[in-house]
Each structure stands twice: as structure tokens, then as C-alpha cells.
1. Sort through Pro60, Pro73, Pro84 and tell me the only one that's surrounded by fewer than 20 Cβ atoms within 10 Å (Cβ to Cβ) and at pLDDT below 85.
2. When the range 1-41 is examined, which residues are found to be in contact (Cβ under 8 Å) with a residue 24 or more places away in the chain and over 14 Å from Val51 (Cβ atoms)?
Amino acid sequence: MSPEQAETIAVQALTFIAGDPQLLPRFLAITGIEANQIREAAQEPGFLAGVLQFVMAHEPTLAAFSEAKGFEPRDVSTALRTLPFGEERWDIQP
């Protein structure tokens, strides 16, 4: 997967999160950013990887996103590993 394809998947995930009235508040609470800061935060290295980590951390969210966008869940994982600061072992704390 190219970096551009991975970015596209991550942007689609962000759009998916932003359009869900339950996911968006949870995403904002976990990331510590406010809704009006998303555009600015999206310019930071690692933000898009963080979006995919958020999606992957909750299996029902991953399944819903994958189904809505026509991806296999493994495509989301591959995109995460392709992005800067992406890490497939997102559930392991350093």
C-alpha cells in the first residue's frame, strides 16, 4: 500500500468518526483535542496514524468502518503500518 492510499483510508476514517455522534465525542476525549482543532491537528505527524489506531482499538468500530467504506479490516491495519508513526501493536504500552 502506498503512503497516499494509507492517507486516504485514514482521512476516510476521520470522516467516518466525525459523522458519528457517538464516536466523535469519544475520539475528542481520548485525543484531548477539541472539534475546532481537528484541521490543525491533522497537519501534525502521526495524527492520521492515531485516527486509525482509534478505529482499530474497538472491533465494532473497525467492522462498521470497514463495511461502510468497502475495506477489509486488514486494509486498515496495513494503512496504519504505512503511515508515519503507525504501529501495528497499538495495544501494547511502551
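The values are calculated or read from the model by the stated rules, or taken from the named source; none is laboratory data. It should be emphasised that the depicted structure is a prediction, and the values quoted were computed from it without experimental measurement. So basically every Cβ, Gly included, is an ideal-geometry build from the backbone, and we count neighbours across all protein chains shown.
1. Pro84 is the lone residue from the list that is surrounded by fewer than 20 Cβ atoms within 10 Å (Cβ to Cβ) and at pLDDT below 85.
2. Answer for the range 1-41, where residues must be in contact (Cβ under 8 Å) with a residue 24 or more places away in the chain and over 14 Å from Val51 (Cβ atoms): Met1, Ser2, Pro3, Gln5.
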